[in-house]
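Asks: Before we start, here is the structure in question, set down as structure tokens.
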Amino acid sequence: MNMRLFRGLALLLWLVVAGCYHLRLAATPLEEARFSVKLPEERVMAAVKFLLQQDGYTIESADEREGIILTEYRNFSTKAGGVTLPEGGRLYYHKLKVTIGSSGAETVVALASVDLEIRSSYVYEDDGRVQALKKRYPYEQYPGMFDLSTVTWELKRVSGYLQTGLRREAKNGY
């Protein structure tokens, strides 16, 4: 094969892949957000559940003994625009897992994004008929589609929100 042709094909392939994906072939562990407060675990658990609901999260389960709160799926970002994105964009959804435990005199709060996925809707015409198609892309199966800075930003946002609320809880109570 002609070397010039090979380089051209390699460049074309790279441009197509780089335009659509973040060049990640395997799912990498997602970052966690973590902070500590000087409040008892049971107060932190109650305050975090309240604050998450105030922020729009819905609690799926809360295990007081294990110190784990899991939310239902929530859309936290929409990536829109660009040639490769569907008209409605890529809607990022995740469940938020909050783990609360003690470390000496402080209570540690860890936030993790679990069950991360992108949801997209496509509308097209097939022989004059409009067809709608909805797709879900789990992170574990399609890691290259995800901009993980979006997930990190959401975890930092919620972490800051919870820290502010827990400082208020320590001062005033709810």
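Asks: Picking from LEU116, LEU148, which residue would you name as being crowded, with 16+ Cβ neighbours inside 10 Å, in contact with a His (Cβ under 7 Å, 6 or more places away or on another chain) and modelled with pLDDT of 90 or more?
Replies: Going through LEU116, LEU148 in turn, just one is crowded, with 16+ Cβ neighbours inside 10 Å, in contact with a His (Cβ under 7 Å, 6 or more places away or on another chain) and modelled with pLDDT of 90 or more: LEU116.
Asks: Tell me, yes or no, whether the range 3-19 has at least one residue that is surrounded by 15 or more Cβ atoms within 10 Å (Cβ to Cβ) and modelled with pLDDT under 80.
Replies: No: the range 3-19 contains no residue that is surrounded by 15 or more Cβ atoms within 10 Å (Cβ to Cβ) and modelled with pLDDT under 80.
Asks: Further question on the same structure: Looking only at residues that are open to solvent by less than 40 Å² (accessible area, probe 1.4 Å) and modelled with pLDDT under 90 in the range 86-113, which one is nearest to the chain's Cα centre (by Cα)?
Replies: Narrowing the range 86-113 to residues open to solvent by less than 40 Å² (accessible area, probe 1.4 Å): 86, 89-90, 92, 94-96, 98, 100-101, 107-113.
Filter once more, keeping what is modelled with pLDDT under 90: 86, 89-90.
Working: PRO86: 19, GLY89: 15, ARG90: 12 Å.
Top of the filtered list is ARG90.
Asks: Among what's in the range 59-81 and is open to solvent by 70 Å² or more (accessible area, probe 1.4 Å) and more than 15 Å from the chain's Cα centre (by Cα), pick the residue that is nearest to GLY101 (Cα to Cα).
Replies: That would be GLU66.
Asks: Which ones in the range 151-174 are open to solvent by less than 10 Å² (accessible area, probe 1.4 Å) and not small (Gly, Ala, Ser)?
Replies: Answer for the range 151-174, where residues must be open to solvent by less than 10 Å² (accessible area, probe 1.4 Å) and not small (Gly, Ala, Ser): VAL151, GLU154, LEU155, VAL158, LEU162, LEU166.
The values are calculated or read from the model by the stated rules, or taken from the named source; none is laboratory data. Keep in mind it's a predicted model, so treat the numbers as computed, not measured. We place every Cβ from the backbone using ideal geometry, glycine too, and count neighbours over all the protein chains shown. Accessible surface areas use protein heavy atoms only, side chains included; no ligands, DNA or RNA. Shrake-Rupley method; radii C 1.70, N 1.55, O 1.52, S 1.80 Å.
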